[in-house]
Amino acid sequence: MAKYKRFKGTQDIFGDETKYWYYIEKIARDTFIKYGFKEIRTPIIEPTELFTRSVGETSDIVKKEMYTFEDKGKRSVTLRPEGTASVVRAYIENSMINLGSPIKLYYMGPMFRYEKPQAGRQRQFHQIGVEIFGTDTPISDAETIILADELLKAFGLKNYKIKINSIGCPKCRPKYREALKKYFKPHLENMCKDCQTRYDTNIMRLLDCKVDREISKDAPSILDYLCDECKSHFESVVKYLDEMGISYEIDPKIVRGLDYYSRTAFEIVHYGLGAQSAILGGGRYNSLVEELGGKETPAIGFALGVERIILALKSEEVEVENPEEIDVYVAYSGENTDIEALKLSRNLKKEGLRVFLNISDRSLRNQLKHANKMGATFVAIIGEKERDEETVSIKNMKTGEQFEVERYWVPQILKEKNTME
Ligand code: HAM
């Protein structure tokens, strides 16, 4: 029994699982770079107020889910529950407006929310996200949604749906809130506790309550309350998506759980995931930069949950190659064979092969066993005979075939054979 155990809702990622992480991170990076994004890495710890001000005092994240503590300097520190607030802070703090506007940034990394762990919901999870600063054009919203779709397709996923909505702006929302209050008032006493609190603090969240779905079915739609600017903005976004053949559904119940959004909001759900089906979420946030002390700067972005994408890949049985496979295990036995093995493994790596050199004191038999456990495709063996004759014995671990080759030719021959395996 292990003396120390990881916290509930956290994960050790190793073995055959890592291939998914390589796969997702590589495809994401390549796709973002294709769209002109630049990477940003921000700290995992931030001042607590950054999140209370941006994600919102009344949001579940701030109210119940933050990992907040006091550091030795008596500052209130929070492990970031999401990436947007940190990127906005970095954008302002580093005067990134001087780098050219609009600017496109992407990030990947761990986030922390003290939620009830279940399949697809963890306390430490990982997001890959993008943020675009400095434009409010409908084409930028459309391109962001197109990027999300292209990314999921590049992962090999098919079984998902894009849901979009416009949640208006501070100009059109008050009237809509009034309409919602009027609609929900007679139902309120039959609604869940969360809804009863949110009725006063954040009425729009009543729309995406999982408990009171029936009651909100006939609630007024935000789309009927949009001001002229928001309406025409949304219509243009939708038109671009239509022109580009993107399939999506307009869902006026998409309100998002973070407070900073305005206008376009979207979520992508995967059908193979059960309760935690949201694999990606995002939207526009035109007031947040100003709210956090910067100049008025419109912005939009999204983030996906890596663990949920992995569940989606598994549910669609997408084949993912393991880049950590070992091509050649170099085994040796006998006096002065170790230095020959070192040299051989260097030459094999020069050919681009993935090499595991035996680094333990063990018999040849046990080296072969180890090679088998490591899943090596070939074993290159230098025994005393091979040492004296300047050869190497090669064993193909898949077929069992064994042959001896002049040492000089081994890297080239193994490289050719490896590409055929
Ligand atoms: P979010 O919807 O809170 O948005 O999170 C984005 C994604 O992170 C979700 O769709 C889900 O896949 C994943 N996720 C969230 N919580 C968990 C969890 N406890 N366990 C596993 N996965 C989780 C945001 O965070 C915004 N910052 C997105 C954004 C970027 N909006 C504009 N820019």
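Keeping to region 101-147, report how many residues are in a loop (DSSP other than H, G, I, E, B), more than 11 Å from the ligand (Cβ to nearest atom) and either in contact with a helix residue (DSSP H, G or I) (Cβ under 9 Å, 6 or more places away or on another chain) or open to solvent by less than 30 Å² (accessible area, probe 1.4 Å) (or both). Show your work before the answer.
Quick first cut of region 101-147, residues in a loop (DSSP other than H, G, I, E, B) only: 101-102, 113-117, 119-120, 122-123, 134-137.
If we keep only those that are more than 11 Å from the ligand (Cβ to nearest atom) as well, we get 101-102, 134-137.
Now narrow it down to the ones that are either in contact with a helix residue (DSSP H, G or I) (Cβ under 9 Å, 6 or more places away or on another chain) or open to solvent by less than 30 Å² (accessible area, probe 1.4 Å) (or both): 102, 134-137.
Result for region 101-147: 5.
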Margin query: Within region 177-220, take every residue that is of a type in the set (Ser, Thr, Tyr) and open to solvent by less than 30 Å² (accessible area, probe 1.4 Å) and give me the one that is modelled with the lowest pLDDT.
Written below: Ser216
Next item on the list: Within region 207-225, identify whether any single residue is among the hydroxyl-bearing types (Ser, Thr, Tyr), under 30 Å from the mean Cα position of the chain (by Cα) and over 30 Å from Val320 (Cα atoms), and answer yes or no.
Entry: no
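Condition check: surrounded by fewer than 22 Cβ atoms within 10 Å (Cβ to Cβ) and without any contact (Cβ under 8 Å) to a residue 12 or more places away in the chain. Does Pro174 satisfy that? It would help to see each step written out before you state the result.
Details: surrounded by fewer than 22 Cβ atoms within 10 Å (Cβ to Cβ): yes; without any contact (Cβ under 8 Å) to a residue 12 or more places away in the chain: yes.
Yes.
The values are calculated or read from the model by the stated rules, or taken from the named source; none is laboratory data. These figures come from a predicted structure and were not determined experimentally. Quick reminder, even Gly has a Cβ in these numbers, built from the backbone with ideal geometry, and neighbours come from all protein chains shown. Heavy atoms of the whole protein, side chains included, go into the accessibility calculation; ligands, DNA and RNA do not. Shrake-Rupley method; radii C 1.70, N 1.55, O 1.52, S 1.80 Å.
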